[in-house]
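To keep things clear, I will list the structure first and then write my remarks on it.
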Amino acid sequence: MNETIVELKLNKNVLYKELLQRSADDSSICAVLSLIQDVGEYSVAIAKSIIINMPEYTLHDENHIFNMLYLAGRMIPKETLQKLSTPDIMMIILAIFLHDIGMSPPGELIRAWKNQLSEIEASQYAQETAQFLQYRNSFVRELQEIEKFQKEQQYSKAQLLEDQIITHYIRKTHSDRARKMIAKDWEGKIRYNDTDLTATLAEICFSHNEDHMRLLSMETIKMCAEDTFLCPPFAAVILRLTDIMDFDSKRTPAILFSHLTIKNPVSLAEWVKHLSVSSWSFQKDTVTFSAQCAHPAIEASIRNFCDQIDNELRNCTFVLANLTSEICDVECYKIKLPAYVNRKKIGAAVDIATGAPVYSYRDTKFTLSKRQVVDLLMGTRLYSKPEVALRELIQNSLDACQLRKSLSAVWGDNYMPRISVSLKTVKETDYLIVEDNGIGMNQHIIDHYYTNIGQSYYTSAEFHELMAGSANQFKPISRFGIGILACFMVCDNMEVESKRISGPYQTDEAINIYIEGYDSLLVIKKGTRCEPGTKTILELRPVHPWQRMTKDEFVTCVKKLIPLPPFDIEIRTNDTKDICSPDLFEELDLTIENDHSWDSEDNVSILEFDLNDPAKGFRGKAAMAFISNHSGDILESLDKCRKDVTIDGEAFLLSSSISYATNCIHKSTTGLEVDEDGGIYPTESFLEVCKSFSRLSVHGIDVPCSLFRNYTNYGQKAVLEFPFPLRFRLDVGSVNDLNLNSARTQIIYDELWITFERQLTETILTKIKSTLSQVEWDTMKNIFSKISKNHVFLDVLKSI
């Protein structure tokens, strides 16, 4: 009978040969050899189909499997291999065969993820599809791109992104899927004599995609027969290392690469990286890779991957060093692993014509001076006013409460959010305190986000995946991960008490953080806080923004920062207490300090209306000014006065007129002036009547710039242009959004702004129309269609 490819390749493998030799003296090992061959045929058949679902990724076919088996033979010293038990060798081979079978989910399941099945066909995959859709929802930016491409009818680009999300999901879940496939297809069949090892094999395969510390939680020694033992962590170490070290061009054949349309830049980098590795050498102390690269980016990619191998070697050395057992000697498992990857043979390809390298590689990257960058972020370019420290703390608390509220709705908990803001004086030292009962923080959040400047939890995949399972969505205010720096504009020392809620009636350990300056160490201690949430205490400098404020002025300051909070916020001083309530938003007026342009003007009428539009997330009120005569007719312009006068025999024209201009009404006046010699000459003056202005808040937090061009938004492209004066107060709620700069002082001109501009214009014109009679609206529409030059305004006006 002809041997299969699997049998031919197994017969060349060192580990399999060892079992063959043992079978000559122990006939029971023949069953092990037969099992290995059956599993090999099964896994190779599955591995060949991986590229069908993941065509842009490196191959995980039988070449990868047998490369790993070869590496295992090189990695395990000959004397150690002879000491390993038959179950040890069997499990290493079987784990290498089966660890990646989860990379090939059933085609019908993938079609269910793509919504390509009928309702009846998809019903059997309902649970798996729900899990995939929850994961898919965490790709916020990609889903926005997909929606954009679909609107633009660029369906191939949209499908490419969809396929990439599926690929990410397959890679992330493949070890869990492998464990389930082993349970389904091999239950009770992975045996050594009478010992069923199926569950142990499934656990080893699952572990290769987990943190290395999981290996230490495995059963160190498992008894398989009389005086016959298996060490699962050792098999798991060999699996991890051989998987990551199969790093050469055999995994990405050049002929296949050249015939694939690689579009994903991440996968393209992985393919080119593998293609550049021409050979490697395995020694006891080091592993040496040889690569001739055509571009420095390829070399950088290879060196980065070598760093990952170095890290895995360190981790696996730690695991082996910590193996202990009371029932057998484990010293034979503590093999010496290579300490690192030797990179001396990785470099630029040589130009054949000149003999010179095609590029000069330097491992040089941009580096940051921590103190200077932090000073820049805290300076006038980002935070122009020190009082924004309070705003940053409040918005952090709002996000924490909104997140807990969303999760509580899923958990079925009763939750009432609370935030308090306090300014207290203790022994001549002022303290600013912001406390909430929100989601809180644990050590993981502190290590990865709170102290990682520029890394916001609310923009992380971790957050989006958490929120994907919640029907109660919200858009976080904090997005840049730099707000905590603002605190050091007003203080040198701060203390944080926090306790994180992780599930229904489940909390992590409370912690206290002490920080003395942004360039100092954080002292973290076990806390005593009982309730989930966070309390931040700033020990203010002797000179700070609220130092000379009265108690009432401090309360007003807080209310200005949060014109529309989602719930009541308590404001305290040493002896006063007030509430910043959502209801107060309706009482806020439309006036602006020291602006008298909206004072009563003859022939200028004011039309007031609300801007409430729940579907767009708008809440607010507005007033527009328009030109009218004493009969109430709406006019395009008006000559208020024209009079000829004669002085000393010379005729002069006196006039006064008003007309519309962008975002205001122009009042033009011609008068007379007399110079010191008694000469009379005409003069012209222009006055802006009813200049447009706005007060904007996004998700309840004040944005201190106007939506109309003025000194507060110098250089901002995201501005409104109306052919009439308008003043309004608007909050953009959670169903809508605007991107702001890091300091939250200006609006970014992007697709969100373009959508917002059109929506707001539509709301304003619709509200104006509903307030006027049809005749008045027709007149006004005709006037503004003639004088406006803004294409967005004109497009919306035509549709109203």
Report summary line: In the neighbourhood of residue 655 defined by beta carbon distances under 13 Å, the net charge of the other residues (Lys, Arg +1; Asp, Glu -1) is +1
Query raised in the report: Highest mean first, what order results for 80-93, 220-233, 786-799 on Cβ atoms within 10 Å?
Result: 80-93, 220-233, 786-799
**Report entry** Fraction in percent of alpha-carbon pairs per bin - 5 Å, the stretch 507-570
**Finding:** 3, 12, 15, 16, 15, 18, 17, 4, 0
Requested in this report: May I ask for the angle, rounded to the nearest 10°, between helix 198-207 and the longest principal axis of the chain, with both axes built from Cα atoms and the value confined to 0 to 90°?
Outcome: 40
Query raised in the report: With contacts defined as alpha carbon pairs under 8 Å and 6 or more residues apart, what's the relative contact order of the chain in percent?
Result: 7
Query raised in the report: The list (i) 2, 11, 17, 22, 22, 16, 8, 2, 0, 0; (ii) 3, 14, 23, 25, 19, 11, 4, 1, 0; (iii) 2, 10, 16, 17, 17, 14, 10, 6, 4, 2, 1, 0, 0, 0 gives values of P(r) over Cα pairs in 10 Å bins from 0, in percent, and only one came from this structure; which label was calculated from it?
Result: (iii)
Report task. For the chain, find the longest principal axis of its Cα atoms and tell me its angle to the long axis of helix 155-186, 0 to 90°, nearest 10. Result -> 40
Query raised in the report: Given the C-alpha centroids of the stretch 199-229 and the stretch 682-754, what is the distance between them in whole angstrom?
Result: 62
**Report entry** Local net charge near residue 721, Cβ-Cβ under 12 Å (Lys/Arg +1, Asp/Glu -1)
**Finding:** +2
Query - Cα centre as origin, Lys/Arg/Asp/Glu Cβ charges: the chain dipole, Debye - result: 1660
Query raised in the report: Taking only protein heavy atoms and a 1.4 Å probe, what accessible area per residue, in Å², does the stretch 76-187 have with all protein chains in place?
Result: 51
Query raised in the report: What 222 nm value per residue comes from the helices of the chain, counting each DSSP H run with n ≥ 4 as -39,500 (n - 2.57) and dividing by all residues, nearest 500 deg cm²/dmol?
Result: -12000 deg cm²/dmol
**Report entry** Top positive-direction residue, dipole computed over the chain with Cβ charges, set 230, 530, 131
**Finding:** 230
Query raised in the report: How far apart, in nm, are two points set 7 Å out from the Cα along the Cα-to-Cβ line at residue 172 and at residue 213?
Result: 2.1
Query raised in the report: In straight Cα distance, which lysines are under 17 Å from residue 189, not counting same-chain residues fewer than 8 positions off?
Result: 180
Query raised in the report: With point charges of +1 on the Cβ of Lys and Arg and -1 on the Cβ of Asp and Glu, referenced to the Cα centre of the chain, which listed residue (31, 398, 746) lies farthest in the positive direction of the dipole?
Result: 31
Requested in this report: First obtain the Kirkwood hydrodynamic radius of the stretch 623-742 from its Cα pairs, then insert it into the Stokes-Einstein equation at 4 °C and 1.567 mPa s, and state the resulting D in µm² per second as a whole number.
Outcome: 73
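So what is the relative contact order for the stretch 504-658, in percent, with contacts set as C-alpha pairs under 8 Å and at least six apart? Each step should come with its number before you reach the end.
Values: 155 pairs, mean separation 14.3, N = 155.
Value for the stretch 504-658: 9 percent.
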Query raised in the report: On the accessible surface of the chain, probed at 1.4 Å, how many percent belong to carbon and sulfur atoms?
Result: 50
Query raised in the report: Rounded to the nearest 20 Debye, what is the dipole magnitude of the stretch 633-738 about its Cα centre when Lys and Arg each give +1 and Asp and Glu each give -1 at the C-beta?
Result: 780
**Report entry** Per-peptide average of other Cβ atoms within 10 Å, ordering 191-201, 236-246 highest first
**Finding:** 236-246, 191-201
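How large is the translational diffusion coefficient of the stretch 412-458 in µm² per second when you combine the Kirkwood radius over alpha carbon pairs with Stokes-Einstein at 37 °C and 0.692 mPa s?
D, rounded to a whole number, is 242 µm²/s.
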Query - Given 717/769; 157/345; 385/427, the pairs whose alpha carbons are separated by over 32 Å - result: 157/345
Report summary line: Of 518-531, 652-665, 539-552, 417-430, ordering from highest average Cβ density within 10 Å down gives 652-665, 417-430, 539-552, 518-531
Report task. With θ set to phi - 60°, apply the Karplus curve 6.51 cos²θ - 1.76 cosθ + 1.60 along the stretch 413-420 and write out the HN-Hα couplings as whole Hz, x wherever there is a Gly or Pro. Result -> 8, 8, 9, 10, x, 9, 9, 10
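The values are calculated or read from the model by the stated rules, or taken from the named source; none is laboratory data. Keep in mind the model is a prediction, meaning the values are calculated, not measured. Ideal geometry is used to build each Cβ from the backbone, glycine not excepted, and the neighbour counts take in all protein chains shown. Remember, those area values only see protein heavy atoms, side chains included, never the ligands or the DNA or RNA. Shrake-Rupley method; radii C 1.70, N 1.55, O 1.52, S 1.80 Å.
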